[in-house]
Amino acid sequence: MNAQALHGHLDALLLAVLERGALHGYAIIEALRARSDGLLDLPTGTVYPALRRLERAGHVVSAWSTVNGRERRTYELTDAGRRALADQRTGWREFSATVGRFLDSGHPSTASS
């Protein structure tokens, strides 16, 4: 799945990954890959700018640490980020239910032909 297909949903996915606890950037990318069974294999050039955008919005905070002699930036969800994630989940449920009315074959059409 490419980054363009995620347009408008990447921030929510990142917030959901960080909901489980603070992670450094590469671990976030790995969590996206693992939780999607490999379908979300996003490049750093997609993920890191989104994390910086979420930090500017106050949804995540970051801190530098040294692990095994390497500098790592760790990201953590803020209270505002938790509220934003809750809002994103509500919006996603509404969106997917609406689109499902058109794309799911099991949904009866409400419009008469």
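None of the figures in this text is laboratory data; all of them are computed from the coordinates on show. All figures in this text were calculated on a predicted structure; none of them were measured in a lab. Cβ placement follows ideal geometry from the backbone for every residue including glycine, while neighbour counts extend to all protein chains displayed.
Only one entry of G100, G45, G58, G91 meets the criterion of being under 19 Å from L23 (Cβ atoms), surrounded by 11 or more Cβ atoms within 10 Å (Cβ to Cβ) and not charged (D, E, K, R), and that entry is G58. Scanning the range 28-53 for residues that are within 17 Å of G81 (Cβ to Cβ), out of contact with any strand residue (DSSP E or B) (no Cβ under 6 Å at 6 or more places or on another chain) and among the hydrophobic types (A, V, I, L, M, F, W, C) yields I28, A31, L32, V47, A50. One residue alone among L40, L15 is in a loop (DSSP other than H, G, I, E, B), crowded, with 19+ Cβ neighbours inside 10 Å and either hydroxyl-bearing (S, T, Y) or touching a helix residue (DSSP H, G or I) at 6+ places or on another chain (Cβ under 6 Å) (or both), and that residue is L40. Among the numbered conditions (1) touching a residue at least 40 places away in the same chain (Cβ under 8 Å); (2) part of a loop (DSSP other than H, G, I, E, B), the only one that I28 does not meet is (2).
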